[in-house]
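Structure first, commentary second.
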Amino acid sequence: MWLATCLNVALIPKWLKNIKAFRTIKFGVCGWCICLNVALIPKWWKNNYWQVTKLNLIFIPISFNGGTEMTKRDITALSYQVTGCAIKVHKSLGPGLLESVYEMCLYYELLKNGFDVKQQLIVPVFYDSIQINTELRLDFLVNNLVVVELKAIERLLPVHEAQILTYMKLVGAPQGLLINFFTDNITKSMKPFVNEFFNSLPD
């Protein structure tokens with residue numbers, strides 16, 4: 001079952017000469033699954049026809065097979081499974097390698113275990129109904145539910161925590177995992193995060 005949770009549409013009337021004026025339509029439903037962002041601009045040089053410049057779709061399931069509603073326990077169980085894959089990679093490789101090496105190995109391990117994994121996913125950023133031309137990329141989005149950010153550094157900083165929380169908000173994910181491979185124990189260095197999407201789910 002799927003449910004549209006967020007619809008943001010930026011429309012610029014084709015007769016409007018000042019492109020700073022916008023009419024914004026926003027639609028939201030408590031719960032989450034589909035985030036649709038569409039930006040339309042007029043093609044002045046072709047008889048003022050509409051031109052779709054950006055279309056971003058993120059699908060997040062709100063139920064498992066059988067129609068059972070997604071719960072906090074389901075999300076937590078998924079995070080444990082992802083963590084288990086990270087632990088396996090760390091035990092095999094150890095600390096001290098480049099982040100890109102851990103990323104490639106964890107990507108393989110997640111796929112091997114049957115997860116749906118989006119790697120280096122571009123996160124759209126909208127400001128004042130306009131999509132900003134920037135390429136924010138998150139490392140992994142697992143099953144469209146858990147954002148995974150990898151590091152291989154001496155210590156995590158507050159900016160890394162703020163980054164993953166922002167990614168979670170932008171893609172509508174209820175859980176995030178910040179995993180640092182420069183450690184002797186993944187479970188001690190890893191930091192899990194939840195947000196309002198997680199809090200809105202039943203136990």
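The values are calculated or read from the model by the stated rules, or taken from the named source; none is laboratory data. What you are looking at is a predicted structure, and each value in this text was computed from that prediction instead of being measured. Here the Cβ positions follow ideal geometry from the backbone for every residue, glycine too, while neighbour counts run over all protein chains shown.
A few comments on the model shown:
- Residues in the stretch 48-105 that are at pLDDT below 75, over 16 Å from residue 174 (Cβ atoms) and among the hydrophobic types (A, V, I, L, M, F, W, C): 50, 52, 55, 57.
- All positions within the stretch 112-158 that are touching a residue at least 24 places away in the same chain (Cβ under 8 Å), more than 17 Å from residue 74 (Cα to Cα) and among the aromatic types (Phe, Trp, Tyr): 126, 140
- Qualifying positions in the stretch 162-203 - without any contact (Cβ under 8 Å) to a residue 60 or more places away in the chain, assigned to a helix (DSSP H, G or I) and in contact with a Phe, Trp or Tyr (Cβ under 7 Å, 6 or more places away or on another chain): 164, 165, 168
- Picking from residues in the stretch 123-147 that are more than 30 Å from residue 111 (Cα to Cα) and not in a loop (DSSP other than H, G, I, E, B), the one that is nearest to the chain's Cα centre (by Cα) is 126.
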